[in-house]
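What follows is one structure encoded as structure tokens, with my remarks underneath.
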Amino acid sequence: MQRLSSGPLRFKDPRREAMLEPDEVSAILRLNELGWGSKRIARELGVSRNTVKEYIAAGGWTPYRQPRRKKALEGQESWLKERLRQHRGNADVIRQELAAEKGIVVCLRTVERAVQRYRQELAAEARATVRFETAPGKQLQIDFGERLVEIGGNKVRVYLFVATLGYSRRHHVRAFRNERQESWFDGLESAFMRFGGVPEEVLFDNARALVVEHDAITRTVVFNDKLSAFAKHWGFRPCACAPYRARTKGKTENGVGYVKRNAIAGRAFPSWDALEAHLEAWTREVADLRQHGTTGEPPIERFRRAEAQALKPIVGRPPFQAAREVIRRVQADCAVEIDGNAYSVPWRLIGEMVRVMIADGLVRIHHGIHEVAVHPICAGRRRRVFDPEHFAGLTGSNRAGALAGSFVVPHSPALLRPLGEYEAIVGGSF
């Protein structure tokens, strides 16, 4: 019988014996068909008899498969993905929780390799934006943006409230000194007034002033009680973005950036009133009239053509009253503290407990059944609002106006009461 080669086909590297080349496997099968036994084939080709038997049983060449070893974090894929999202990509915290909750002790690098593909998904998800169009009157998106603005020669942190109608892209912009709940409500009410109606839903992020809890997995949202009452009063449905997905409200995200780059853009203003007047004029003369890059139309034209009549009318609906009542003790400086600001009361009430009502832009202070002081709500913090009449007859009262950060409430008969009434309350004379 003719030999297949001049010599036996032997491996130069014995580590490759278990992985033959396809032509060598073909030789094994041809010899087997000729009636050669596995022992003779093994001797002829210089391989083990078991190797010959395995390839004959397989009927041909098969690729090498590395033995599979069980990984330390096998079966934890869902848990790892959920924790990576919860901890916003922090693999070291996940490693600690693996040891504490599941008793799995691994190095940080092992955790990083296990969550690498999920990290890439999170990064792609954060960058991805799905553009969608809403019907006229369907949605209003709102957000706040911070900016340091030069006002009166000083750098002041301004909180820019931006509301954007989803269909027309029409903006409404307000400047506030804080991002508290009342600022959100004031901004929304002013937007409803400017647009002349209320949309079906208002979309916002998970601000603490509005959202109590938002489960990222079940998407269950618990809104602040006062927000729920505000939404019911105005007749819209509140909607919160998915946690860590602020891009969901992309129209307003872009709007905030547009206001910062265009309306503010390094400008300086002599006063806060001048800033507000500028924002009003800029919205009317620039933002409303520009050719929008997505819709191809000026927002004001698109609004008038289709969205104005789609909004729910607000005629006859009164403003939402975000009133609250607190109890305070009059301090030695003849004032009570409300939201970081001090409001004066008649000096004879030092040490007394008073009831304070905050509503309609006013701070009303009552002692017993009598109203002893009324002040306008002060914007900002660490300021003193005082009425000179409250210090009448007090030694050194002429220095009250020299206190840092203070300002005087203008004399107005509507805000003052005769001192005789205070005398009747506390006894004695002023």
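Using the per-residue mean of other Cβ atoms lying within 10 Å as a proxy for protection, in what order, highest first, do the peptides 271-282, 29-40 fall?
Output ranking for 271-282, 29-40: 271-282, 29-40.
Each of ALA229, LEU203, PHE192 was scored by the projection of its Cα onto the charge dipole of segment 158-243, and the greatest displacement toward the positive side belongs to PHE192; charges sit on the C-beta of Lys, Arg, Asp and Glu. For ALA342, the residues whose amide H sits under 5 Å from its own are ARG383, ARG384, VAL385, ignoring neighbours fewer than 5 places away on the same chain, with H placed 1.01 Å from N. Here segment 228-379 was treated as a single set of alpha-carbon atoms; its pair distances binned every 10 Å from 0 give 8, 21, 24, 25, 15, 6, 0 percent. In whole Å, how far is the Cα centre of segment 139-191 from that of segment 38-116? What the calculation gives is 54 Å, centre to centre.
If I take every Cα pair under 8 Å that is 6 or more residues apart in segment 342-390, average their sequence separation and divide by the length, what percent do I get for the relative contact order?
43 percent
Projecting the Cα positions of ASN254, ALA175, ALA281 onto the charge dipole of segment 139-310 (unit charges on Cβ atoms of Lys, Arg, Asp and Glu, taken about the Cα centre) puts ASN254 furthest along the positive direction. Look at the alpha carbon pairs under 8 Å that are at least 6 residues apart: their mean separation over the length of segment 139-310 gives a relative contact order of 27 percent.
Taking θ as phi - 60° and the Karplus parameters 6.51, -1.76 and 1.60, the scalar couplings of segment 85-101 work out to 5, 4, 9, 6, x, 7, 6, 5, 5, 4, 4, 5, 6, 4, 5, 6, 9 Hz in sequence order, x denoting glycine and proline.
Only one residue of SER78, ALA99, GLN116 has its Cα farthest out toward the positive end of the dipole of segment 77-127, where Lys and Arg carry +1 and Asp and Glu -1 on Cβ, and that residue is GLN116. Orientation-averaged projection of segment 139-310 equals 9.8 nm² [convex hull of Cα atoms, one quarter of hull surface area].
For segment 77-127, the Kirkwood radius over C-alpha pairs fed into Stokes-Einstein at 4 °C and 1.567 mPa s yields D = 119 µm² per second.
The amide H of LYS312, built 1.01 Å from its N in the peptide plane, has VAL198 as neighbours under 5 Å, considering only residues 5 or more places off or on other chains. Computed extension gain for ILE377 through ARG109, at 0.36 nm per residue and net of the alpha carbon distance, reaches 90.9 nm.
Bear in mind that the values in this text are calculations on the coordinates, not laboratory data. Treat the numbers as computed from the prediction; the structure is a model and nothing was measured. Cβ: placed from backbone, ideal geometry, glycine included. Neighbour counts: every protein chain shown.
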